[in-house]
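The values are calculated or read from the model by the stated rules, or taken from the named source; none is laboratory data. A quick note: this is a predicted structure, and the numbers were derived from the prediction, not measured. Here the Cβ positions follow ideal geometry from the backbone for every residue, glycine too, while neighbour counts run over all protein chains shown.
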Amino acid sequence: MLLFLLASGLTLIFGVLRIINFAHGSLYMLGAYLTYTICRIFPNYWVAFLFAPILVAFSAGLIEFLFLRPLYKREHEYQLLLLYGFLLILDDLVKMAYGAAFKIIPQPPSLQGSIQIMGREFPKYSLFIIILGPIVALGLWYLFDQTQMGKKIRAASFDREAANALGINVPFLYTAVFMFGSWLGGIGGAVAGPLRAASPGMGLEIIIMSFAVVIIGGLGSFWGALLGSILVGEVLAFGILILPKFVIIIPYIVMVLFFLLKPQGLFGKGRV
Amino acid sequence: MSLIGVLAILLILPLFLPEYYIAIGIEIFVMALFALSFNLLFGYTGLLSFGHAAFFGTGAYACALTLKHISSSVFLGLLGGIILSSIVALIIGFFCVRFTRMYFVMLTVAFGELVYNIGHKWVSLTGGDDGLVGIPISPLRFLFLPPFNLVKLSNYYYFTFVCVGVSIFIIWRIVNSHFGYVLRAIHENSERVKFVGLEVRRHQLLSFTISGLFAGLAGALLTVFEGMVSPASLYFTVSAEPILMSILGGTRFFFGPIVGAALFIIIKDAIQTLTEFWMVWMGAILVMIVIFLPGGVVGFLHSRFLISFSKSRIR
């Protein structure tokens with residue numbers, strides 16, 4: 001489900017802006033570290049859970065507005081490179097500010113411990129993450145399918161110029177979508193913090209697997225991202241039982257297979 | 001000609017530079033080749049590969065394995081590196097060139113990750129996390145000349161200089177050939193190339209393979225230099241290095257990546273003497289260059305001071 005939160009943000013940004021946000025993993029990491037800092041000031045996890053992603057979204061908005069916008073007329077590759085530049089900057093800034101050690105974020109008291117379901121013990125916090133996934137997916141679906149704003153965004157992703165001609169403020173929309181996608185990544189970080197501790201490598205660790213999920217699910221589709229992340233998660237979980245050493249390769253092989261057989265991924269649309 | 005002047009300077013440098021700087025020189029040669037191989041694909045053919053470490057690292061490992069298990073002759077080691085990296089490039093390229101732009105990039109990233117994980121986890125072959133150490137390198141015996149000990153730094157400097165120099169010459173001939181011009185055409189407008197009757201995919205695949213070949217050679221040269229190899233050569237961040245170098249130097253000129261590689265390594269070295277946080281500065285430089293100097297340093301020099309690089313200009 002962590003993968004889903006990241007993948008949904010990535011797929012959203014790709015679907016609308018047609019860019020692969022390389023810095024997404026770093027923004028996720030920023031979310032985790034900000035959660036850590038906020039928890040040090042206000043010992044309530046939920047305050048951090050609320051504010052850290054907003055701060056991440058805000059930072060992302062700044063990046064988009066100041067640095068990405070001037071590049072929209074240029075080739076897509078340059079936008080990608082810019083975002084990679086920010087990956088380097090953010091990763092190092094985090095190391096500079098927090099040091100290289102793991103930062104442990106305590107789980108909120110309400111979610112500590114485990115519950116019994118059907119005779120098995122499940123950690124409450126993990127259940128929280130698992131339930132959060134589909135809730136977010138539903139929220140996203142509602143936003144994009146049912147609201148006016150959602151329709152405008154979809155229009156802008158289909159045809160930027162036509163949407164612009166119709167009076168839709170496309171640049172504003174782009175910034176908003178970039179911020180929203182990064183907000184999702186920030187939530188991912190805030191949620192991952194108590195589970196995995198904040199570390200400087202966490203961005204890189206998860207971002208490439210997220211790419212694989214996004215491709216398997218189909219670029220631009222959240223249901224695809226949801227299904228893709230479930231698929232990858234299960235494959236990894238069962239793979240450990242069968243081929244413990246090479247398990248991490250399997251998602252990439254699945255991705256390659258998808259590319260060969262169904263390049264749009266599970267639910268993707270558009271040409272490849 | 002200024003080129004001969006530069007070459008002459010490079011040749012006499014090891015005579016008076018301390019060992020540390022000779023090592024940096026070797027590193028620059030190797031990375032210049034790596035960056036040049038990348039730019040063949042990016043600047044000329046228009047394909048952004050974010051997984052080039054796969055070929056670099058494969059070349060490195062293949063060379064190491066050849067030297068360890070088959071023969072400690074450096075020529076065979078380099079040959080082993082070239083052969084395996086070309087094969088890997090051919091296979092990966094076959095899948096990647098069927099897709100356009102963003103999808104191509106993602107696929108190269110994923111394949112890069114795949115190769116890294118294979119190299120990292122196949123412990124029996126690659127030594128896993130520890131990599132392979134203690135690789136035997138026997139002195140070079142070329143025809144009737146006396147044996148040339150490659151472990152001595154300045155000797156290896158000249159050896160790398162020759163290898164990289166020959167490679168650069170070959171790449172120069174490739175990009176200025178009919179094939180090279182087709183690649184440039186594909187970059188500008190692949191639709192039109194199809195209408196002229198040329199096979200775009202095949203050219204892209206060939207470009208990809210050649211690029212992988214030289215990247216592998218660079219990796220192999222590094223292995224001989226370091227006497228060891230580790231999964232670090234396959235990691236994602238290594239894939240980014242030729243990209244940063246090419247952008248820094250300029251992707252629109254033949255010599256851009258070479259200049260970029262030199263600048264990158266020198267700047268990184270300088271920053272590292274001041275702080276361990278060199279990435280943030282590199283990232284900032286990348287951002288600045290992408291926004292303000294898209295032609296890189298060489299591009300900037302060309303447009304501003306009209307220093308004539310026209311013969312090496314790509315488009």
task = Could you tell me whether any residue of the range A:110-123 is within 14 Å of another protein chain (Cβ to nearest Cβ), among the acidic types (Asp, Glu) and over 14 Å from A:Ala192 (Cβ atoms)?
result = no
remark   = A careful count of residues in the range B:49-79 that are under 17 Å from the mean Cα position of the chain (by Cα), surrounded by 21 or more Cβ atoms within 10 Å (Cβ to Cβ) and not polar (S, T, N, Q) gives 14
query = Mind checking which residues of the range A:88-102 are more than 7 Å from chain B (Cβ to nearest Cβ) and either outside any helix (DSSP H, G or I) or surrounded by 17 or more Cβ atoms within 10 Å (Cβ to Cβ) (or both)?
reply = A:Leu90, A:Val94, A:Gly99, A:Ala100, A:Ala101, A:Phe102
note = Flagged in the range A:217-237 as touching a Ser or Thr at 6+ places or on another chain (Cβ under 8 Å), aliphatic (A, V, I, L, M) and not in a loop (DSSP other than H, G, I, E, B), in numbering order, are A:Ala225, A:Leu226
ask   = Quick one: in the range A:53-75, which of the residues that are assigned to a helix (DSSP H, G or I) and surrounded by fewer than 17 Cβ atoms within 10 Å (Cβ to Cβ) is farthest from the other protein chains (Cβ to nearest Cβ)?
value = A:Ile54
inquiry  = Can you say whether A:Ala57 is under 18 Å from A:Val177 (Cβ atoms), aliphatic (A, V, I, L, M), in contact with a Gly (Cβ under 8 Å, 6 or more places away or on another chain) and at pLDDT 85 or above, as far as the supplied structure shows?
reply    = yes
message = Every residue in the range A:217-249 that is buried (at least 18 other Cβ atoms within 10 Å of the Cβ) and facing chain B (nearest Cβ under 10 Å), please.
response = A:Leu219, A:Val247, A:Ile248, A:Ile249
Residue list for the range A:14-48, filter: within 29 Å of A:Val235 (Cβ to Cβ), among the aliphatic types (A, V, I, L, M), part of a helix (DSSP H, G or I) and at pLDDT 85 or above = A:Leu27, A:Met29, A:Leu30, A:Ala32
key: Sole exception among (1) at pLDDT below 90; (2) crowded, with 18+ Cβ neighbours inside 10 Å; (3) closer than 25 Å to B:Ile267 by Cβ for B:Ala232, by number   = (2)
key: Members of the range B:122-139 found to be part of a helix (DSSP H, G or I) and either surrounded by 20 or more Cβ atoms within 10 Å (Cβ to Cβ) or more than 8 Å from chain A (Cβ to nearest Cβ) (or both), listed by number   = B:Ser124, B:Leu125, B:Thr126, B:Gly128, B:Asp129, B:Asp130
inquiry  = Looking only at the range B:159-199, how many residues end up being within 30 Å of B:Leu11 (Cα to Cα), of a type in the set (Val, Ile, Thr) and without any contact (Cβ under 8 Å) to a residue 12 or more places away in the chain?
reply    = 3
ask   = So which pairs qualify, if the first residue must be in the range A:156-184 and of a type in the set (Ser, Thr, Tyr), the second must be modelled with pLDDT under 75, the Cβ gap must be under 8 Å, and the two must be at least 6 apart or on different chains?
value = A:Ser157/A:Gly220; A:Tyr174/A:Ala156
inquiry  = Quick check on A:Tyr78: is it in contact (Cβ under 8 Å) with a residue 12 or more places away in the chain, surrounded by 12 or more Cβ atoms within 10 Å (Cβ to Cβ) and either part of a helix (DSSP H, G or I) or away from chain B (no Cβ under 14 Å) (or both)?
reply    = no
request  = From the list B:Leu78, B:Leu84, pick out the single residue that is assigned to a helix (DSSP H, G or I), more than 20 Å from B:Leu41 (Cα to Cα) and more than 14 Å from chain A (Cβ to nearest Cβ).
outcome  = B:Leu78
query = Here are some conditions: (1) in contact with a Phe, Trp or Tyr (Cβ under 6 Å, 6 or more places away or on another chain); (2) surrounded by 16 or more Cβ atoms within 10 Å (Cβ to Cβ); (3) at pLDDT 75 or above. A:Pro108 meets all but one. Which one does it not meet?
reply = (3)
note = Over the range B:249-288, the set of residues touching a residue at least 24 places away in the same chain (Cβ under 8 Å) and among the basic types (Lys, Arg) is B:Arg252
message = Against the definition (within 14 Å of chain B (Cβ to nearest Cβ) and under 26 Å from A:Gly150 (Cα atoms)), how does A:Ile187 come out, yes or no?
response = no
Looking only at the range B:87-121, and only at residues there that are modelled with pLDDT of 85 or more, within 13 Å of chain A (Cβ to nearest Cβ) and surrounded by fewer than 18 Cβ atoms within 10 Å (Cβ to Cβ), the one that is farthest from B:Val164 (Cα to Cα) = B:Phe95
request  = For A:Ser157, state whether it is within 14 Å of chain B (Cβ to nearest Cβ), within 25 Å of A:Gly25 (Cα to Cα), buried (at least 18 other Cβ atoms within 10 Å of the Cβ) and of a type in the set (S, T, N, Q).
outcome  = yes
task = Could you pull out the residue among A:Glu64, A:Glu121, A:Glu77 that is within 17 Å of B:Gly283 (Cα to Cα) and at pLDDT below 85?
result = A:Glu77
